[in-house]
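K.L.:
If you scroll down you'll find the structure; I have some questions about it.
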Amino acid sequence: MKETMREMFKGYVDYQEQEYKFIWENAFIVFDTNILLNFYRYSKETRKTMFEILDNLKNRLWIPYQVAYEFYKNRVNVIINAQKKYKELSTLMETSFIDIQNKINQIKSNQLKCKKEIEELLEKENKKIQDLLEKERKEKEFVFEKDTIEEKIVQLLNTNIGKPFEEDEYEIIKEEGLRRMKEKIPPGYEDTDKEENGDYYIFYSMIQESINRNKPIIFVTDDVKEDWMTKINGKSGGRSELLNEFYKKANNLLLIYTSDGFVHAYNKNFNPKKTDTKLLDELRNVRKIESINYITPDSAYENSFLLDFRIKHLVETSSTLDANLKLEIIEEMVLNNPLNKFQKMKLKTELDKLVEEFPLEDLKEATKDRINVLYQKLITVGFHNQLNKRRYDKLVEDIQAFCMETINNLRICRTDERQQRIMNIILRETEIYLELCENRMSRPYQLLTKNMKDLQIALANNKHDKEFVIKKLEEFCKKEIVVT
């Protein structure tokens with residue numbers, strides 16, 4: 001039978017009402033990596049509601065292997081960044097509050113009769129803000145050994161996950177993914193900074209699974225770049241080319257939603273009540289914020305700090321990971337990051353465990369080659385000197401700038417209460433900087449760590465002696481104190 005025009009261009013034509021109904025009644029539902037990671041960014045209430053929806057759809061959930069791989073690759077970074085934002089905002093609020101207090105303090109009481117009342121109001125409101133920030137931060141605080149969000153996601157997906165590609169299949173789809181990036185064929189061509197087209201791996205996997213099950217798919221993603229989505233009248237929907245290609249290859253229909261679009265459609269089909277606008281607003285806001293800055297470290301030394309936590313998590317979960325997934329995680333860390341001696345030692349230990357569990361003679365030649373490359377990279381335990389020097393110099397520069405700013409604030413400080421606030425900021429920031437340089441193996445970092453710990457102890461024991469604190473900070477700012 002000859003193909004009709006509508007059949008030939010199925011993805012370009014609005015689905016009919018019965019087709020939408022058929023999809024929602026029969027499709028299995030696939031969530032992109034960014035949706036799973038956003039559970040760490042949602043408020044407690046939104047997270048609870050989203051998990052309730054997934055629970056109701058539990059028997060219809062499935063994710064490609066690529067989604068699981070990207071989730072575990074980026075999960076720790078997302079947790080750390082979520083916590084870091086609260087610390088940064090808290091410090092910014094405290095610093096701004098002190099600056100305002102200092103400016104008010106410079107005005108004489110007879111010139112500003114309401115001076116005392118203003119100071120009391122500022123104090124009260126600042127405390128309210130700090131309490132709110134701390135309360136929300138604690139709600140999103142996670143212990144790596146007990147990550148309830150990861151546990152819930154694993155519980156929901158269970159074995160509903162695709163298998164990794166065989167070597168021969170992988171080479172073919174890798175080449176096709178790169179061709180699409182080069183020729184700007186969706187999906188994935190917007191990610192030009194990546195060496196592989198992970199979006200295409202996901203799209204390809206969905207086509208294969210749809211063929212195997214002979215069912216349509218609902219794909220939920222907060223990636224609204226043009227290689228996945230088209231925006232019409234302010235609303236985002238799947239690219240017509242993707243919907244059409246999916247239909248022609250799988251002989252099934254595909255729907256693509258953003259998180260808020262999915263919740264709205266879910267309520268329409270399964271829970272016919274007025275959708276919570278507060279929930280939809282939060283889903284949109286999280287998507288917009290993360291699409292602007294998606295897991296991008298602020299600097300080279302911060303990237304290394306995040307890598308330490310990723311390695312720590314790998315060690316803690318090593319025994320539960322699939323061998324292929326573990327190898328890919330180690331490979332990504334080794335090949336895409338400048339590693340220090342400590343990091344290399346940890347990753348080599350994990351690679352040794354992997355080889356012991358799966359002896360080289362039992363692995364395919366291509367996998368042997370990959371492992372040998374990793375060993376060559378990890379055996380060299382020296383530093384990448386120039387990069388490490390730039391990273392170290394930047395860290396020292398940041399610490400010194402903070403110390404000088406603190407000295408100036410202390411000098412114009414006139415009350416014990418303000419001095420105490422400044423001291424709290426000093427001790428908190430010192431702790432953050434210590435986290436950035438501890439466990440590094442080079443001598444400059446070891447000396448910097450020692451000197452910072454000495455400074456921290458001295459300040460904690462003499463925090464009421466302003467002149468002593470200023471003197472110690474001035475000494476610390478001399479470069480010879482912290483640089484070999």
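The values are calculated or read from the model by the stated rules, or taken from the named source; none is laboratory data. Source: prediction; values computed, not measured. Cβ coordinates were reconstructed from backbone atoms using ideal geometry, including for glycine residues, and neighbour counts include every protein chain displayed. Protein only, heavy atoms only, side chains kept; ligands, DNA and RNA dropped before computing areas. Shrake-Rupley method; radii C 1.70, N 1.55, O 1.52, S 1.80 Å.
K.L.:
Pull up region 10-19, narrow it to residues that are assigned to a helix (DSSP H, G or I) and open to solvent by less than 40 Å² (accessible area, probe 1.4 Å), then point me to the one that is modelled with the highest pLDDT.
P.N.:
Going through region 10-19, the residues assigned to a helix (DSSP H, G or I) turn out to be 10-12, 17-19.
When the remaining residues are screened for being open to solvent by less than 40 Å² (accessible area, probe 1.4 Å), the result is 10-11, 19.
Working: Lys10: 81, Gly11: 80, Glu19: 92.
The residue in question is Glu19.
K.L.:
Can you find even one residue in region 168-175 that is open to solvent by less than 40 Å² (accessible area, probe 1.4 Å), at pLDDT 90 or above, on the phi < 0 side of the Ramachandran plot and among the β-branched types (Val, Ile, Thr)? Can you show your working first?
P.N.:
Residues of region 168-175 open to solvent by less than 40 Å² (accessible area, probe 1.4 Å): 173.
Next, only the ones that are at pLDDT 90 or above stay: 173.
If we keep only those that are on the phi < 0 side of the Ramachandran plot as well, we get 173.
Remaining after also requiring among the β-branched types (Val, Ile, Thr): 173.
Yes, the conditions are met somewhere in region 168-175.
K.L.:
On to the next question. Of all residues in region 357-368, how many are open to solvent by 100 Å² or more (accessible area, probe 1.4 Å) and at pLDDT 70 or above?
P.N.:
1
K.L.:
Give region 269-299 a look and list any residue that's part of a helix (DSSP H, G or I), open to solvent by less than 50 Å² (accessible area, probe 1.4 Å) and at pLDDT below 75, or say none. Full working, then the answer.
P.N.:
Residues of region 269-299 part of a helix (DSSP H, G or I): 269-270, 277-292.
Still in the list and also open to solvent by less than 50 Å² (accessible area, probe 1.4 Å): 279-280, 282-283, 286-287, 290.
Residue satisfying the conditions is Glu290 alone.
K.L.:
Those residues that are β-branched (Val, Ile, Thr) and within 19 Å of Glu70 (Cβ to Cβ), I need them from region 170-198; list them, please. Quick ask: steps written out before the conclusion?
P.N.:
Of region 170-198, the ones β-branched (Val, Ile, Thr) are 172-173, 185, 192.
Once the filter is applied, which keeps residues that are β-branched (Val, Ile, Thr) and within 19 Å of Glu70 (Cβ to Cβ), region 170-198 yields Ile173, Thr192.
K.L.:
If I filter region 27-35 for residues that are touching a residue at least 24 places away in the same chain (Cβ under 8 Å), closer than 20 Å to Lys268 by Cβ, aromatic (Phe, Trp, Tyr) and surrounded by fewer than 18 Cβ atoms within 10 Å (Cβ to Cβ), do I get at least one hit? It would help to see each step written out before you state the result.
P.N.:
Residues of region 27-35 that are touching a residue at least 24 places away in the same chain (Cβ under 8 Å), as a first pass: 27-35.
From the residues that got through so far, the ones that are closer than 20 Å to Lys268 by Cβ too are 27-31, 35.
So of that shortlist, the ones also aromatic (Phe, Trp, Tyr) come out as 28, 31.
If we keep only those that are surrounded by fewer than 18 Cβ atoms within 10 Å (Cβ to Cβ) as well, we get none.
No, region 27-35 has no match at all.
K.L.:
Is there a residue in region 214-228 that is of a type in the set (D, E, K, R), within 23 Å of Glu25 (Cβ to Cβ) and modelled with pLDDT of 90 or more? Before the answer, list the steps.
P.N.:
Just the residues of region 214-228 that are of a type in the set (D, E, K, R), to begin with: 215, 222-223, 225-227.
When the remaining residues are screened for being within 23 Å of Glu25 (Cβ to Cβ), the result is 215.
Add one more test, that the residue is modelled with pLDDT of 90 or more, and what stays is 215.
Yes, that holds for at least one residue.
K.L.:
If you scan region 129-148, which residues turn out to be within 23 Å of Phe97 (Cβ to Cβ) and either at pLDDT 80 or above or within 20 Å of the chain's Cα centre (by Cα) (or both)?
P.N.:
Step one: of region 129-148, the residues within 23 Å of Phe97 (Cβ to Cβ) are 129-138.
Once the filter is applied, which keeps residues that are within 23 Å of Phe97 (Cβ to Cβ) and either at pLDDT 80 or above or within 20 Å of the chain's Cα centre (by Cα) (or both), region 129-148 yields Leu133, Glu136, Arg137, Lys138.
K.L.:
While we're here: Name the residue that is nearest to the chain's Cα centre (by Cα), counting only residues in region 195-219 that are surrounded by fewer than 23 Cβ atoms within 10 Å (Cβ to Cβ) and farther than 21 Å from Lys10 by Cβ.
P.N.:
Out of the qualifying residues, it is Gly198.
K.L.:
Quick one: Asp55 ticks every box in (1) within 21 Å of Asn269 (Cα to Cα); (2) surrounded by 15 or more Cβ atoms within 10 Å (Cβ to Cβ) bar one, so which box is it?
P.N.:
If we test Asp55 against (1) within 21 Å of Asn269 (Cα to Cα); (2) surrounded by 15 or more Cβ atoms within 10 Å (Cβ to Cβ), just (2) comes out false.
K.L.:
Let me ask you something else. Could you check region 322-356 and list, in sequence order, the residues that are within 20 Å of the chain's Cα centre (by Cα) and open to solvent by 20 Å² or more (accessible area, probe 1.4 Å)?
P.N.:
Glu328, Glu331, Glu332, Leu335, Asn336, Asn337, Pro338
K.L.:
In region 307-346, which residue that is polar (S, T, N, Q) and closer than 18 Å to Glu357 by Cβ is modelled with the lowest pLDDT?
P.N.:
Going through region 307-346, the residues polar (S, T, N, Q) turn out to be 317-320, 324, 336-337, 340, 343.
Filter once more, so that each one left must be closer than 18 Å to Glu357 by Cβ: 317-320, 324.
Values: Thr317: 73, Ser318: 74, Ser319: 74, Thr320: 70, Asn324: 76.
The selected residue is Thr320.
K.L.:
Just for helices (runs of 4 or more DSSP H) wholly inside region 369-479: which have at least 1 residues that are at pLDDT below 75?
P.N.:
In region 369-479, 385-411, 416-437, 443-461 are the helices (runs of 4 or more DSSP H) which contain 1 or more residues that are at pLDDT below 75.
K.L.:
Can you give me the number of residues within region 20-61 that are part of a helix (DSSP H, G or I) and either modelled with pLDDT of 90 or more or polar (S, T, N, Q) (or both)?
P.N.:
Within region 20-61, the first condition is being part of a helix (DSSP H, G or I), and the residues that meet it are 20-26, 33-38, 44-56, 58-60.
Pick out the ones that are also either modelled with pLDDT of 90 or more or polar (S, T, N, Q) (or both) and you get 20-26, 33-38, 46-56, 58-60.
Residues meeting the conditions: 27.
K.L.:
Can you confirm whether Ile107 is in a helix (DSSP H, G or I) and either over 20 Å from Leu279 (Cβ atoms) or modelled with pLDDT of 75 or more (or both)? Reasoning before the result, please.
P.N.:
Numbers: in a helix (DSSP H, G or I): no; either over 20 Å from Leu279 (Cβ atoms) or modelled with pLDDT of 75 or more (or both): yes.
For Ile107, the condition - in a helix (DSSP H, G or I) and either over 20 Å from Leu279 (Cβ atoms) or modelled with pLDDT of 75 or more (or both) - is not met.
K.L.:
For region 401-418, which residues satisfy the criterion of being buried (at least 18 other Cβ atoms within 10 Å of the Cβ) and under 14 Å from Phe97 (Cβ atoms)?
P.N.:
Within region 401-418, Asn409, Cys413, Arg418 meet the criteria.
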